[in-house]
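Asks: Dropping the structure in here first, questions after.
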Amino acid sequence: MTHFPAKMLVMLGLFAALIGCALAPEKTTEVELSQQQTPPNIVWIISDDQAYSDFGFMGHDLVRTPHLDKLASESALFPNGYVPSSLCRASLATLITGKYAFDHGICFNDPPDGIPHSETFRFLQAQKPMPMELQAAGYRSMQTGKFWEGVYTNGGFTDGMTMGTRHGDAGLRIGRKTMEPIDAFLSDVGDDPFFIWFAPYLPHAPFDAVEAYKEPFRGKGLGRREIGYYANISWLDDTVGQLMDLLEKNGQEDNTVIMFVVDNGWLPNRDGESFRDLQGRNLRFDARSKQSPYEGGVRTPIFVRWPGRIKPGRHDDLVSSIDFFPTTMALAGLPAAEGLPGRNLRPFLEHRASLPPRTVFGEIYYHTSLELDNPTVNMTHRWARRDDWKLILNDHDQGRPELYNLALDPDEKRDLAADPDHADKLTSLRDEIQAWWPN
């Protein structure tokens, strides 16, 4: 037997330990990552009433969005993003709560006739909004733009513009009238990390952009509403450029995460569709865009930009606005909030994990609530997409199904629900919706 000196044995043991550390798999948590660097600032840019196709980076041949195009080129871009509800108030509430509308309770824009708007603030007040969670990591947060839920503090924001009326009152001045509140906020936060809710009331009507925005679209056979809508998109894009200029002026651009989404789609020449619900009421929704379950209503590009940390690229994976809350928490280095159905995208964005296949879900509601505390009564449709397949259940029409293959039929013109070759696909997606929907 060979005998080694004690000193050599110690050295061999240290060498083995070093080799073991080098070969051990990396198990870095989000909290550990946050401790290795200054927490990033986080900005959500939320477009208002814009079709998923109406961006330069999505291939539109007329729309001009150079500032958004630049950000998208520097981001992880998901062209197959979705919002669960194509109604703005319900959609925004999902962003800030991380929950589906049936869970957070805001399943409408307006309450039933005779009920004050202020009586609906209780739904958000019963939640713990994402900005409130960020305060645990020392974040300041600024609300600007559209916000339906009363004074900005209801959303957990430390700073804000909206004081309590429908849509967002003074908050709607952001972008359309001024960027000064954001400039003042950035000048005041000092070294504190911050979160900004940037939801300018654009390209939403009124289509009152100045003539310089409208002129490039004249003489192209477009209607007045189309010209106004496209002009407002250009106006939105310029506000994004102004926002980025303010971040750069304050030395905050490099360590700021930009997350982009649209609250719901909108088509300039949309046609309405009327129907009678199960109670015999004559109701209406926008057949293919806002307040509908079709791609023109619920699909949105989503992108996430973080210079030096997130590699730019295009990803066809299905993602949802319900992922914004858990992803933001992870970016801030905070533990995941309990009971949220969305995915934390940070490991994928930083190339530490893949995204498993998933089904994304959604629910559509009447603009004006029929019963405040009964989401099922307010619901018109439920829908799900898995891979290239999408199922829509028309709950206002006894659950009548519509089935589409989006790879072959992106405009949802050929309903395959009655095709026996796809009966298994319809059944499996219907079962998934029923399992997702609360019973």
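The values are calculated or read from the model by the stated rules, or taken from the named source; none is laboratory data. Small disclaimer: the values here were computed from a predicted structure and weren't measured. Neighbour counts are summed over all protein chains in view; Cβ atoms, including those assigned to glycine, are modelled from backbone coordinates with ideal geometry.
Asks: Here's a check for you: in the range 288-309, which residue that is in contact with a Leu (Cβ under 9 Å, 6 or more places away or on another chain) and in a loop (DSSP other than H, G, I, E, B) is surrounded by the fewest Cβ atoms within 10 Å (Cβ to Cβ)?
Replies: Among those residues, the one meeting the criterion is ARG309.
Asks: Please work out which one of (1) at pLDDT below 95; (2) closer than 24 Å to TRP148 by Cβ; (3) not β-branched (Val, Ile, Thr) is the condition HIS351 fails and give its number.
Replies: Here HIS351 clears every test but (2).
Asks: Quick test for you: out of ALA337, ALA407, pick the one residue that is in a loop (DSSP other than H, G, I, E, B) and over 30 Å from GLN135 (Cβ atoms).
Replies: Values: ALA337 fails: over 30 Å from GLN135 (Cβ atoms).
Only one candidate qualifies: ALA407.
Asks: Just the residues that are touching a Phe, Trp or Tyr at 6+ places or on another chain (Cβ under 7 Å) and of a type in the set (S, T, N, Q), please, taken from the range 44-70.
Replies: GLN50, THR65
Asks: Continuing with this model, one more query. Looking at the range 340-364 only, could you name the residues that are basic (Lys, Arg) and assigned to a loop (DSSP other than H, G, I, E, B)?
Replies: Initial filter on the range 340-364 (basic (Lys, Arg)): 343, 346, 352, 358.
Within the range 340-364, ARG343, ARG352, ARG358 meet the criteria.
Asks: Please give the helices (runs of 4 or more DSSP H) falling wholly within the range 40-152 in which 2 or more residues are touching a residue at least 60 places away in the same chain (Cβ under 8 Å) and among the β-branched types (Val, Ile, Thr). Even if it seems obvious, please write down each step before you answer.
Replies: On the way: elements: 66-73, 88-97, 101-104, 122-125, 130-134.
Counting at least 2 such residues, we get 88-97.
Asks: Looking only at the range 365-380, decide whether some residue is farther than 30 Å from ALA332 by Cβ, in a strand (DSSP E or B) and not hydroxyl-bearing (Ser, Thr, Tyr).
Replies: Yes: the range 365-380 contains one or more residues that are farther than 30 Å from ALA332 by Cβ, in a strand (DSSP E or B) and not hydroxyl-bearing (Ser, Thr, Tyr).
Asks: What pairs come up if the first residue lies in the range 410-428 and is part of a helix (DSSP H, G or I), the second is surrounded by 13 or more Cβ atoms within 10 Å (Cβ to Cβ) and of a type in the set (D, E, K, R), and their beta carbons are under 6 Å apart, counting only those six or more places apart or on different chains?
Replies: none
Asks: What are the residues in the range 209-226 that are at pLDDT 95 or above and either of a type in the set (Gly, Ala, Ser) or more than 20 Å from ASP69 (Cα to Cα) (or both), if any?
Replies: At the first step, the residues of the range 209-226 found to be at pLDDT 95 or above are 209-219.
The answer is ALA209, VAL210, GLU211, ALA212, GLU215, ARG218, GLY219.
Asks: Which of the residues spanning the range 240-266 are part of a helix (DSSP H, G or I), surrounded by fewer than 21 Cβ atoms within 10 Å (Cβ to Cβ) and not basic (Lys, Arg)? Explain how you work it out, then say what you get.
Replies: Pass one, the range 240-266, residues part of a helix (DSSP H, G or I): 240-249.
In the following step, the residues that additionally are surrounded by fewer than 21 Cβ atoms within 10 Å (Cβ to Cβ) were identified as 241-242, 244-249.
Selection gives GLY241, GLN242, MET244, ASP245, LEU246, LEU247, GLU248.
Asks: For the range 197-212, indicate whether the set of residues that are part of a helix (DSSP H, G or I) and surrounded by fewer than 22 Cβ atoms within 10 Å (Cβ to Cβ) is non-empty. Outline the logic, then answer.
Replies: Start the filter on the range 197-212 by keeping residues that are part of a helix (DSSP H, G or I), which leaves 211-212.
From what's left, surrounded by fewer than 22 Cβ atoms within 10 Å (Cβ to Cβ): 211-212.
Yes, because at least one residue in the range 197-212 is part of a helix (DSSP H, G or I) and surrounded by fewer than 22 Cβ atoms within 10 Å (Cβ to Cβ).
Asks: Can you pull out the residues in the range 313-338 that are more than 22 Å from ASN41 (Cα to Cα), modelled with pLDDT of 95 or more and charged (D, E, K, R)?
Replies: Result: ARG314, ASP316, ASP317.
Asks: Still on this structure, please answer the following. Of these, LEU391, LEU416, LEU426, LEU403, which one is within 23 Å of ALA51 (Cα to Cα), over 23 Å from the mean Cα position of the chain (by Cα), at pLDDT 95 or above and surrounded by 16 or more Cβ atoms within 10 Å (Cβ to Cβ)? Working first, answer last.
Replies: Values: LEU391 fails: over 23 Å from the mean Cα position of the chain (by Cα); LEU416 fails: within 23 Å of ALA51 (Cα to Cα); LEU426 fails: within 23 Å of ALA51 (Cα to Cα).
Answer to the selection: LEU403.
Asks: Being under 30 Å from ARG305 (Cα atoms), exposed (fewer than 13 other Cβ atoms within 10 Å of the Cβ), of a type outside the set (S, T, N, Q) and free of Cβ contacts under 8 Å to residues at least 60 places away in the same chain: is that true of ALA435 here? Spell out the reasoning first.
Replies: On the way: under 30 Å from ARG305 (Cα atoms): no; exposed (fewer than 13 other Cβ atoms within 10 Å of the Cβ): yes; of a type outside the set (S, T, N, Q): yes; free of Cβ contacts under 8 Å to residues at least 60 places away in the same chain: yes.
Spelling it out, it is not the case that ALA435 is under 30 Å from ARG305 (Cα atoms), exposed (fewer than 13 other Cβ atoms within 10 Å of the Cβ), of a type outside the set (S, T, N, Q) and free of Cβ contacts under 8 Å to residues at least 60 places away in the same chain.
Asks: Same structure, new question: So which pairs qualify, if the first residue must be in the range 373-401 and without any contact (Cβ under 8 Å) to a residue 40 or more places away in the chain, the second must be surrounded by fewer than 22 Cβ atoms within 10 Å (Cβ to Cβ) and assigned to a helix (DSSP H, G or I), the Cβ gap must be under 7 Å, and the two must be at least 6 apart or on different chains?
Replies: PRO401/LEU426; PRO401/ARG430
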